[in-house]
1. Taking amide H positions as placed 1.01 Å from N in the peptide plane, with prolines and chain starts having none, which residues 5 or more places from C:Ile48, or on another chain, fall under 5 Å of its amide H?
2. Measuring nothing but label to label, 7 Å from Cα along Cα→Cβ, what are C:Pro119's distances to the other copies in nm, shortest first?
3. Going 7 Å from Cα along the Cα-Cβ axis for the label, what nanometre distances separate B:Gly72 from the same residue across the other copies?
4. Just the Cα atoms of the stretch B:72-131, one point each, no solvent: what log10 I(q)/I(0) does Debye give at q = 0.16, 0.21, 0.27 Å⁻¹?
5. Step through the residues of the stretch C:107-116 one at a time and calculate ³J(HN,Hα) from phi using the Karplus curve (6.51 cos²θ - 1.76 cosθ + 1.60, θ = phi - 60°), rounding each to whole Hz and writing x for Gly and Pro.
6. Please turn the phi angles of the stretch C:33-38 into ³J(HN,Hα) values with the Karplus equation 6.51 cos²θ - 1.76 cosθ + 1.60 (θ = phi - 60°), one per residue in order, whole Hz, x for glycine and proline.
7. Looking only at A:Asp59, A:Asp82, A:Asp16, which one moves most when chain A is put into a Gaussian network model with springs between Cα atoms under 10 Å?
8. Between A:Glu31 and B:Thr107, what FRET efficiency comes out of the Förster formula 1/(1 + (r/R0)^6) with R0 = 41 Å and r the beta carbon distance, rounded to 0.05?
Amino acid sequence: MEKIAIKTKDRVELVDITGPVRALAGKSPVENGVCVLFCPHTTAGLTINENADPAVKKDMIAAFNKLIPPSGGYTHSEGNSDSHIKSSIFGPSLSIIIENRQLMLGTWQGIYFCESDGPRSRELWVRFIKG
Amino acid sequence: MEKIAIKTKDRVELVDITGPVRALAGKSPVENGVCVLFCPHTTAGLTINENADPAVKKDMIAAFNKLIPPSGGYTHSEGNSDSHIKSSIFGPSLSIIIENRQLMLGTWQGIYFCESDGPRSRELWVRFIKG
Amino acid sequence: MEKIAIKTKDRVELVDITGPVRALAGKSPVENGVCVLFCPHTTAGLTINENADPAVKKDMIAAFNKLIPPSGGYTHSEGNSDSHIKSSIFGPSLSIIIENRQLMLGTWQGIYFCESDGPRSRELWVRFIKG
């Protein structure tokens, strides 16, 4: 298992992690197979989405904050129930196909670490599996 | 990696792709393992749900359109921010167990390509991994 | 493929299944790799979230019931459209990294079976893949 360290800057933020994941794939012993990404935090998740116009990230964060507002009459005493709920909607794991040590992503796709209770120091865990 | 071509007909649509994925599994060199499905688009996703009553698909599309309306005061200039957000809620990847070259699905489960900005020509990417 | 039997007690419930999955990992022939979890039901899903304060589960269930209410003017005649929709938001599959036959989870993470139309007798399907 390999780890990528991530520093987030806002409470709710989508951090593009495509570059560091691509770099790991490039030096992995697995030439063809699958890359499993795992977020070991309960107030963050993972997604894949548009890597071009940053307005998409902004709209996604606004939509998530509207659906799951930070103050929603929650009972959890730490006051970050919305962060836990957002994380479960994004999900904690992703599987990406690997060919010739390349991440197989669509033209407009980037991989995002979905911070929902930052800013914090976070980790992404990565494992390559032979196909 | 194998590819399945998909033609979608509506802006928001759930296309049953169980048949073509099952056919690929039947002729895969991997007898037992996992089938990884990946959607290489940023305005479409994947899910598994009811394969019997088509009313479920209709209700799911209505619920997603209500939660993430097409016009929601978004900033992304292409006007399809709702499509990007819906895709991240469904998610881009699925893992299905394979036994004796058969997709292990529950009785009522079908695999769906979740179009959120059609109609378009789309692809599904598939990789089989030995268990 | 291995199966874990689950008895749910409420209509909407998050059942902690970390213990039985960990036990399977401990006796799996796969020492290092990935554990794929699959929910074979169309009115239940899987997630990973906080394993400490039970208030998080309560808040998550309340938020899902608010976003996708049981009575929402649905057309599906069985009256459980909300259960199908909730399941697709959680998702049917998860991938967890395995090292030395241990589930690699973050400190505060537990694995949850997300019942959305209980109480019922359910199954979780599990497959280990060599890394």
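1. For C:Ile48, the qualifying residues are C:Tyr112.
2. Here the equivalent label points are 4.9, 4.9 nm apart from this one.
3. 1.3, 1.3
4. The Debye formula, applied to the Cα set alone, gives -0.71, -0.98, -1.27.
5. Values, residue by residue: 3, 9, 8, x, 9, 10, 8, 9, 5, 10 Hz.
6. Going residue by residue, I get x, 9, 9, 9, 9, 9 Hz, with x marking Gly and Pro.
7. Of the options given, A:Asp59 has the highest mean-square fluctuation.
8. With a Förster radius of 41 Å, E is 0.60.
Each reported figure results from applying straightforward, stated rules to the coordinates on display, with no laboratory input. It should be emphasised that the depicted structure is a prediction, and the values quoted were computed from it without experimental measurement. Quick reminder, even Gly has a Cβ in these numbers, built from the backbone with ideal geometry, and neighbours come from all protein chains shown.
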